[in-house]
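Asks: Dropping a structure here in structure tokens format, bear with me for questions.
The values are calculated or read from the model by the stated rules, or taken from the named source; none is laboratory data. Everything numeric in this text was worked out from a predicted model, so none of it was measured. Because the Cβ atoms are built from the backbone with ideal geometry, glycine has one as well, and the counts that use them run over all protein chains shown. These area figures cover heavy atoms from the full protein model, side chains too; ligands, DNA and RNA do not enter into them. Shrake-Rupley method; radii C 1.70, N 1.55, O 1.52, S 1.80 Å.
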Amino acid sequence: VLRASVAAEEAGVPSSTLVCEGFLGLAESTSVGLGMPNIPVAAVPGHTGVQSKEELRRNILDVTMDNVIRNLVQEPQAATEESEPGARDVICGGTYDEVNRYFYEHELSDGLPIVPPTQERVEQFLKHCNRDSEEIIGILLPDSRAATIWSIAVNGVMAGCRPEYMPVLIALVEAMADPYYGVEHSGNTPGGETLIVLNGPIVKALEFNYTQGVMRDGFIANTSVGRFWRLYLRNVAGFLPHKNDKATFGNTWRVVVAENEDVVKEIGWQPLSADMGFAAGDNTVTISRMTGGNHISSISGSTPEEMLPYLADAVVRQYSWQIMFTVGQGMGTLRPVILLSPLIARAVGKWGWSKKDLQQYLYDHARLPAHQWERILRDWTAKPIWNLEEEWRLGRIPKAFFESDDPNRMVPLVWDPEDFMIVVTGDPARNSAYVFAHNGVLGYPVAKKIQDTKVAPKSRASQKKGANVTAA
Amino acid sequence: MAISDADGYYDALWPRSPRQVQLKPLAKRLDTLEGKTIAQMWDYVFRGDEVYAALEEGLKERYPNIKWVSYKEIGNTHGGEEREVVASIARRFKELKVDASISGMGC
């Protein structure tokens, strides 16, 4: 909303931005990173979502309208620039406790103790990459700060990472800066949290857990790299709770999920890295933002046909309003991630099922009645225009969403079978799965190779109608 | 912070990174809205359609000759089309002879 107003102002057209009362602080923080800290906003009393038609109308006429007029005809106060430390400045000297207190009080840590980022420790991290420490990987919104190799090392130290994780951290920030991912949406209402999937020999080389309890803290590599992600979002992208981070409830950061490539190879499947455009065996990170998920316990049966109806049903149950990313905001960008325990993957694979077969099964069976789509998006969540027939007639969605006008027809959850992302990991001895609810275009999957040079395959987002199209 | 005080001295570095954006000037404000063309920009959520209907009604009473460019002319400023739509704003405003703009809904 503010980005549109900034574009208007840059075009020489005055703007007024309509902001609900509870979001005025967010607008104030975001406008700084956009270079217009004095851009005017017009407050909307309360939240529009819970007001009657008449109440909303009165609020707009009695309060908001005067603000809009003022915004457009009165010169706002001149903006001032706040001074900040330099990129390599020491900002605090003291004991461990004093440093931690300073970082916490200045909103530079997540509330857990940090490892003090000293020059010596940062240099140890820099030795594990062949990159210029001044190199800028990208500019991260909302703060518009430079994502530099140096700042990656500093935050890696703070998170408790080991210096040898540095190439993984760099690949993660390359992914964070990729426009397809959409880091700028990381502070939005659902408070989704990034899922990081690691592939390649580096899983074993750096001792990432890829078996039982793979999403549990307790393994330094998985845990500290997951923490690094959130610290970097905080310190460099600029997502601070009560400011730019407006998660309604939020989540804490997720530990890194590493895939069990031994099992993947054994059953003749390809790892997620290959699904994302890299060669099997490449070291990669894949990120996508998830609004939640659920453990799917005790998948039972002796054949895929017996086991998979339960999984397909469970996938559907993770999705509600998120289907707006299938038809609505970010057409066709919903990418559910499913973790399969090795036991289930082997049980499906032994019947000759490939990963593509499994994806096709989920596409065919993880479906919702058409009337349910329209009820969720139009009637329940006040998205006023979503209508499957209309969207199909406008050529905006595939035929699968309007094969007849029967309101009970079953329509798929995603546009293409390969939109389901399958990862084999977790306890090899258990017959379970985990299904994540994806945040669509506001956290679209992006993968990067872990190395010292940038190699980015063409993102599938560019092939989706209406998805972000800026090249990486 | 349960570690004892006898744990050394640390010179801790700044974990942020310099902002890469300079202060940008705002557009010159109008002297009145009477006779002016106002563009509506919308992210297609939080009842912006009703909000714009109310604003049109109220502003028409104060400024009888005010003109509007509907959000339908501009496109969705959020989600999958955001980058494309935001990038087109300068051009579209010029084509549509827009004098001022309103953007919603930040909720």
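Asks: For region A:91-118: of the residues being more than 22 Å from residue A:168 (Cβ to Cβ), of a type outside the set (Ser, Thr, Tyr) and open to solvent by 80 Å² or more (accessible area, probe 1.4 Å), which is nearest to the other protein chains (Cβ to nearest Cβ)?
Replies: Among them, the one singled out is A:101.
Asks: Six or more apart or on different chains, Cβ under 7 Å: which pairs go from a residue in region A:132-144 that's within 15 Å of residue B:16 (Cβ to Cβ) and without any contact (Cβ under 8 Å) to a residue 60 or more places away in the chain to one that's assigned to a loop (DSSP other than H, G, I, E, B) and open to solvent by 50 Å² or more (accessible area, probe 1.4 Å)? Could you list them?
Replies: Taking only residues 6 or more apart or on different chains, the pairs are A:139/B:20.
Asks: Scan region A:16-30 and give yes if some residue there is more than 7 Å from chain B (Cβ to nearest Cβ), open to solvent by 40 Å² or more (accessible area, probe 1.4 Å) and closer than 24 Å to residue B:61 by Cβ, otherwise no.
Replies: no
Asks: Right, here's the next one. Filter region A:191-220 down to the residues that are touching a strand residue (DSSP E or B) at 6+ places or on another chain (Cβ under 7 Å) and either open to solvent by 40 Å² or more (accessible area, probe 1.4 Å) or among the aromatic types (Phe, Trp, Tyr) (or both) and list them by number. I'd like the intermediate steps shown before the answer.
Replies: Residues of region A:191-220 touching a strand residue (DSSP E or B) at 6+ places or on another chain (Cβ under 7 Å): A:192-200, A:203, A:208-210, A:214-215.
Matches in region A:191-220: A:208, A:210, A:215.
Asks: Just one of the numbered conditions (1) open to solvent by 50 Å² or more (accessible area, probe 1.4 Å); (2) without any contact (Cβ under 8 Å) to a residue 24 or more places away in the chain is not true of residue B:62; which one?
Replies: (2)
Asks: For region A:348-393, how many residues are crowded, with 19+ Cβ neighbours inside 10 Å, farther than 18 Å from residue A:410 by Cα, among the hydrophobic types (A, V, I, L, M, F, W, C) and within 26 Å of the chain's Cα centre (by Cα)?
Replies: 1
Asks: Let me ask something else about it. So for region A:87-98 (the condition being under 31 Å from the mean Cα position of the chain (by Cα) and touching a residue at least 40 places away in the same chain (Cβ under 8 Å)), does at least one residue qualify?
Replies: Checked region A:87-98: at least one residue is under 31 Å from the mean Cα position of the chain (by Cα) and touching a residue at least 40 places away in the same chain (Cβ under 8 Å).
Asks: Another one. Got at least one residue in region A:293-309 being away from chain B (no Cβ under 14 Å), in contact with a Gly (Cβ under 7 Å, 6 or more places away or on another chain), in a loop (DSSP other than H, G, I, E, B) and open to solvent by 30 Å² or more (accessible area, probe 1.4 Å)?
Replies: As a first pass, look at region A:293-309 and keep what is away from chain B (no Cβ under 14 Å): A:293-309.
Those still in the list that are in contact with a Gly (Cβ under 7 Å, 6 or more places away or on another chain) too: A:307.
From what's left, in a loop (DSSP other than H, G, I, E, B): none.
Looking for residues that are away from chain B (no Cβ under 14 Å), in contact with a Gly (Cβ under 7 Å, 6 or more places away or on another chain), in a loop (DSSP other than H, G, I, E, B) and open to solvent by 30 Å² or more (accessible area, probe 1.4 Å), one finds none in region A:293-309, hence no.
Asks: Checking residue A:48 against (1) closer than 28 Å to residue A:142 by Cα; (2) facing chain B (nearest Cβ under 7 Å); (3) surrounded by fewer than 18 Cβ atoms within 10 Å (Cβ to Cβ); (4) not aromatic (Phe, Trp, Tyr), which test does it fail?
Replies: Going through (1) closer than 28 Å to residue A:142 by Cα; (2) facing chain B (nearest Cβ under 7 Å); (3) surrounded by fewer than 18 Cβ atoms within 10 Å (Cβ to Cβ); (4) not aromatic (Phe, Trp, Tyr) one by one, residue A:48 breaks only (3).
Asks: I'd like to know if region A:268-284 contains one or more residues that are assigned to a helix (DSSP H, G or I) and free of Cβ contacts under 8 Å to residues at least 24 places away in the same chain.
Replies: So the first thing to find is which residues in region A:268-284 are assigned to a helix (DSSP H, G or I), and the list is A:272-275.
This time we only want the ones that are free of Cβ contacts under 8 Å to residues at least 24 places away in the same chain, so: A:274.
Yes, that holds for at least one residue.
Asks: Going by what's in this entry, would residue A:124 be described as out of contact with any Cys (no Cβ under 6 Å at 6 or more places or on another chain), within 7 Å of chain B (Cβ to nearest Cβ) and either without any contact (Cβ under 8 Å) to a residue 12 or more places away in the chain or over 19 Å from residue A:235 (Cβ atoms) (or both)?
Replies: Details: out of contact with any Cys (no Cβ under 6 Å at 6 or more places or on another chain): yes; within 7 Å of chain B (Cβ to nearest Cβ): no; either without any contact (Cβ under 8 Å) to a residue 12 or more places away in the chain or over 19 Å from residue A:235 (Cβ atoms) (or both): yes.
No; evaluated as a whole, the condition is false for this residue.
Asks: With the structure loaded, tell me whether residue A:80 is at pLDDT below 95, assigned to a helix (DSSP H, G or I) and β-branched (Val, Ile, Thr) or whether it fails that test. Spell out the reasoning first.
Replies: Details: at pLDDT below 95: yes; assigned to a helix (DSSP H, G or I): no; β-branched (Val, Ile, Thr): yes.
No.
Asks: So, one more: Working only within region B:76-96, note down all residues that are touching a strand residue (DSSP E or B) at 6+ places or on another chain (Cβ under 7 Å), crowded, with 22+ Cβ neighbours inside 10 Å and in contact (Cβ under 8 Å) with a residue 40 or more places away in the chain.
Replies: Once the filter is applied, which keeps residues that are touching a strand residue (DSSP E or B) at 6+ places or on another chain (Cβ under 7 Å), crowded, with 22+ Cβ neighbours inside 10 Å and in contact (Cβ under 8 Å) with a residue 40 or more places away in the chain, region B:76-96 yields only B:93.
Asks: Just checking, which of A:432, A:354, A:341, A:404 is touching a Phe, Trp or Tyr at 6+ places or on another chain (Cβ under 8 Å), among the hydroxyl-bearing types (Ser, Thr, Tyr) and more than 14 Å from chain B (Cβ to nearest Cβ)? It would help to see each step written out before you state the result.
Replies: Numbers: A:432 fails: touching a Phe, Trp or Tyr at 6+ places or on another chain (Cβ under 8 Å); A:341 fails: touching a Phe, Trp or Tyr at 6+ places or on another chain (Cβ under 8 Å); A:404 fails: touching a Phe, Trp or Tyr at 6+ places or on another chain (Cβ under 8 Å).
Exactly one residue qualifies, and that residue is A:354.
Asks: State all residues of region B:47-81 that are assigned to a loop (DSSP other than H, G, I, E, B), facing chain A (nearest Cβ under 9 Å) and within 15 Å of the chain's Cα centre (by Cα); if no residue qualifies, say none.
Replies: If the condition is that a residue be assigned to a loop (DSSP other than H, G, I, E, B), facing chain A (nearest Cβ under 9 Å) and within 15 Å of the chain's Cα centre (by Cα), then B:77, B:78 are the ones that fit.
Asks: What number goes with the only condition from (1) within 8 Å of chain B (Cβ to nearest Cβ); (2) open to solvent by 60 Å² or more (accessible area, probe 1.4 Å); (3) touching a helix residue (DSSP H, G or I) at 6+ places or on another chain (Cβ under 9 Å) that residue A:82 does not pass?
Replies: For residue A:82, the exception is condition (1).
Asks: Further question on the same structure: How many residues does region A:31-45 hold that are in contact (Cβ under 8 Å) with a residue 60 or more places away in the chain, part of a loop (DSSP other than H, G, I, E, B) and either of a type in the set (A, V, I, L, M, F, W, C) or crowded, with 23+ Cβ neighbours inside 10 Å (or both)? Before you say what the answer is, go through the steps one by one.
Replies: Residues of region A:31-45 that are in contact (Cβ under 8 Å) with a residue 60 or more places away in the chain, as a first pass: A:32-35.
From what is left, the residues that are part of a loop (DSSP other than H, G, I, E, B) are A:34-35.
Going one step further and asking which of them are either of a type in the set (A, V, I, L, M, F, W, C) or crowded, with 23+ Cβ neighbours inside 10 Å (or both), we end up with A:34.
Total meeting the criteria: 1.
Asks: Give the residues of region A:61-79 that are more than 9 Å from chain B (Cβ to nearest Cβ) and among the polar types (S, T, N, Q), sorted by residue number.
Replies: Listed by number, the residues that qualify are A:67, A:77.
Asks: Out of all the residues in region B:82-107, which are in a helix (DSSP H, G or I), within 15 Å of residue A:6 (Cβ to Cβ) and facing chain A (nearest Cβ under 7 Å)?
Replies: Matches in region B:82-107: B:83, B:86, B:89, B:90, B:93.
Asks: Consider residue A:343 against the criteria (1) open to solvent by less than 30 Å² (accessible area, probe 1.4 Å); (2) not in a loop (DSSP other than H, G, I, E, B): it satisfies all of them except one. Which criterion is unmet?
Replies: Failed condition: (1).
Asks: Within region A:185-267, considering only helices (runs of 4 or more DSSP H) that don't extend past its boundaries, which have at least 2 residues that are of a type in the set (D, E, K, R)? Even if it seems obvious, please write down each step before you answer.
Replies: Values: elements: A:202-205, A:220-232, A:261-266.
By residue number, A:220-232, A:261-266.
Asks: Kindly indicate whether any position in region A:289-311 is touching a residue at least 12 places away in the same chain (Cβ under 8 Å), within 24 Å of residue A:186 (Cα to Cα) and of a type in the set (Val, Ile, Thr).
Replies: Within region A:289-311 (the criterion being touching a residue at least 12 places away in the same chain (Cβ under 8 Å), within 24 Å of residue A:186 (Cα to Cα) and of a type in the set (Val, Ile, Thr)), the answer is yes, since at least one residue qualifies.
Asks: Among the residues of region A:159-169, is any without any contact (Cβ under 8 Å) to a residue 60 or more places away in the chain, in a loop (DSSP other than H, G, I, E, B) and either closer than 28 Å to residue A:119 by Cα or not hydroxyl-bearing (Ser, Thr, Tyr) (or both)?
Replies: Within region A:159-169, none of the residues are without any contact (Cβ under 8 Å) to a residue 60 or more places away in the chain, in a loop (DSSP other than H, G, I, E, B) and either closer than 28 Å to residue A:119 by Cα or not hydroxyl-bearing (Ser, Thr, Tyr) (or both).
Asks: Do we find a residue being in contact (Cβ under 8 Å) with a residue 60 or more places away in the chain and open to solvent by 20 Å² or more (accessible area, probe 1.4 Å) anywhere in region B:97-104? Show your work before the answer.
Replies: Taking region B:97-104 as the starting set, the residues that turn out to be in contact (Cβ under 8 Å) with a residue 60 or more places away in the chain are B:97-104.
So of that shortlist, the ones also open to solvent by 20 Å² or more (accessible area, probe 1.4 Å) come out as B:97, B:99.
Yes, that holds for at least one residue.
Asks: State whether the residues of region B:15-30 include one that is open to solvent by less than 10 Å² (accessible area, probe 1.4 Å), under 30 Å from residue A:155 (Cα atoms) and facing chain A (nearest Cβ under 9 Å).
Replies: There is at least one residue in region B:15-30 that is open to solvent by less than 10 Å² (accessible area, probe 1.4 Å), under 30 Å from residue A:155 (Cα atoms) and facing chain A (nearest Cβ under 9 Å).
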